[in-house]
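One structure is given below, encoded as C-alpha cells.
The values are calculated or read from the model by the stated rules, or taken from the named source; none is laboratory data. Being a predicted model, the structure only gives us computed values, none of them experimental. FYI the Cβ positions are ideal-geometry reconstructions off the backbone, even for glycines, and counts take in every protein chain you see.
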Amino acid sequence: MTKIIEIFKHKKEENTDKEDLKCELFMVNEKMKNREREFNMTDNEDLLEALIYEQKALQSRYSFLMKKARETGLEVDFFDRD
C-alpha cells in the first residue's frame, strides 16, 4: 500500500512540475509579445535598445524552457514560435 501512495505522490509532483513549466512558458511567451508591441510603438533610441536586450533575454529563457519541456515529454506545440 505504501508503494502505491509513493507512486501516486511522484505522479502528482510530476504533473505539478509540468503545469508549472507550461505556465512559465505561457508567461514568457506573453512577455515576448508585449516587448514586441512596445518595440513597434516607440522611436526613443534608449528605450529601443533596452527592449532589444529584454527581448533577447526572454528568447534565451524561452529556448531553455522549450528544451526542458521536450525533455520532460510536455506537449509544447502551442508555444512554438516562428
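With the requirement that a residue be in contact (Cβ under 8 Å) with a residue 24 or more places away in the chain and surrounded by fewer than 16 Cβ atoms within 10 Å (Cβ to Cβ), what does the range 25-51 give you? Before the answer, list the steps.
So the first thing to find is which residues in the range 25-51 are in contact (Cβ under 8 Å) with a residue 24 or more places away in the chain, and the list is 25-26, 28-29, 31-32.
Selection gives PHE26 alone.
Could you identify the single residue in GLU54, GLU14, GLU19 that is modelled with pLDDT of 95 or more, surrounded by 10 or more Cβ atoms within 10 Å (Cβ to Cβ), acidic (Asp, Glu) and assigned to a helix (DSSP H, G or I)? So that I can check it myself, show each step before the final result.
Numbers: GLU14 fails: modelled with pLDDT of 95 or more; GLU19 fails: modelled with pLDDT of 95 or more.
Step by step, each of GLU54, GLU14, GLU19 is checked, and only GLU54 is modelled with pLDDT of 95 or more, surrounded by 10 or more Cβ atoms within 10 Å (Cβ to Cβ), acidic (Asp, Glu) and assigned to a helix (DSSP H, G or I).
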